[in-house]
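Everything below concerns the one structure shown next.
The values are calculated or read from the model by the stated rules, or taken from the named source; none is laboratory data. Everything numeric here is computed off the predicted structure, so don't read it as measured data. Using ideal geometry, Cβ is built from the backbone for each residue, glycine included, and neighbour counts are taken over all protein chains shown.
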Amino acid sequence: MNAVQPNLAMLKKLLIVAMVMFAFGYAMIPFYKKICEVAGLNNLLQPDTIVEETQQVDTSRLLTVELDANTRGLPWQFKPLQSTVQMHPGELVEVMYEIKNDSGREVTGQAIPSYAPLLVSQYIKKLECFCFTKQVLKPYETRQMPVQFLIESGFPDDISTVSISYTFFELSSDATSSNDVRTKSKI
């Protein structure tokens, strides 16, 4: 019977560790959401939110949005169909990007956005973006992809030009075999 008691003690410890790990995993959801909110990531607008935001268009000022596109390690050509767009804060805008696979093989990539100045990430809201999911291009395929976004009307008055840049990275075969999770995103 003495041999059973250490086993029961170990079982209790393992159950406690398992419960703590489960609680930690469960608590990570709101923690992760808060990190993404602070960093300006993962908050896709719902249609009713877009309507509210577009009703608050600040027509008293105009922003110039410079569009940029890059690839890293991909045999792709990637470019915006227009290099700049003029918009009012709060106005919903759609821009198009074109991507072409220059290789004879199917390639999967994921776009990561970046902004200048960095505080743009706190004010930009996207309804549609190719950056929300991985993109798979067949050999020599060309595709046009839209981005719908707005910059909130509370954007600082002293900034009149912003840059939005997307960089595509190739995903490994491990990453491409996993399921796409379309997250709500404020990218």
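Before we move on, is residue 42 within 18 Å of residue 112 (Cα to Cα) and either modelled with pLDDT of 90 or more or in a strand (DSSP E or B) (or both)?
No.
Being of a type in the set (Phe, Trp, Tyr) and within 17 Å of residue 100 (Cα to Cα) is the filter here; which residues of region 110-142 pass it?
130, 140
What strands (runs of 3 or more DSSP E) lie completely within region 75-187 and have 3 or more residues being at pLDDT below 90 and in contact with a Leu (Cβ under 6 Å, 6 or more places away or on another chain)?
In region 75-187, no matching strands (runs of 3 or more DSSP E) lie anywhere.
The rows are residues; the columns are (1) within 18 Å of the chain's Cα centre (by Cα); (2) surrounded by fewer than 14 Cβ atoms within 10 Å (Cβ to Cβ); (3) under 22 Å from residue 86 (Cβ atoms).
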site	(1), (2), (3)
110	yes, no, no
122	yes, no, yes
129	yes, no, yes
132	yes, no, no
139	no, yes, no
152	yes, no, yes
158	no, yes, yes
165	yes, no, yes
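Matching residues to (1) under 11 Å from residue 164 (Cβ atoms); (2) in contact (Cβ under 8 Å) with a residue 60 or more places away in the chain; (3) touching a helix residue (DSSP H, G or I) at 6+ places or on another chain (Cβ under 8 Å):
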{"site": "56", "(1), (2), (3)": "no, yes, no"}
{"site": "60", "(1), (2), (3)": "no, no, no"}
{"site": "68", "(1), (2), (3)": "yes, yes, no"}
{"site": "78", "(1), (2), (3)": "no, yes, no"}
{"site": "82", "(1), (2), (3)": "no, no, no"}
{"site": "117", "(1), (2), (3)": "no, no, no"}
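Please verify whether residue 52 is at pLDDT 80 or above and among the charged types (D, E, K, R), treating the condition exactly as stated.
No: the conditions fail for residue 52.
Can you pull out every residue in region 155-174 that is among the aromatic types (Phe, Trp, Tyr) and touching a Ser or Thr at 6+ places or on another chain (Cβ under 6 Å)?
Answer for region 155-174, where residues must be among the aromatic types (Phe, Trp, Tyr) and touching a Ser or Thr at 6+ places or on another chain (Cβ under 6 Å): just 168.
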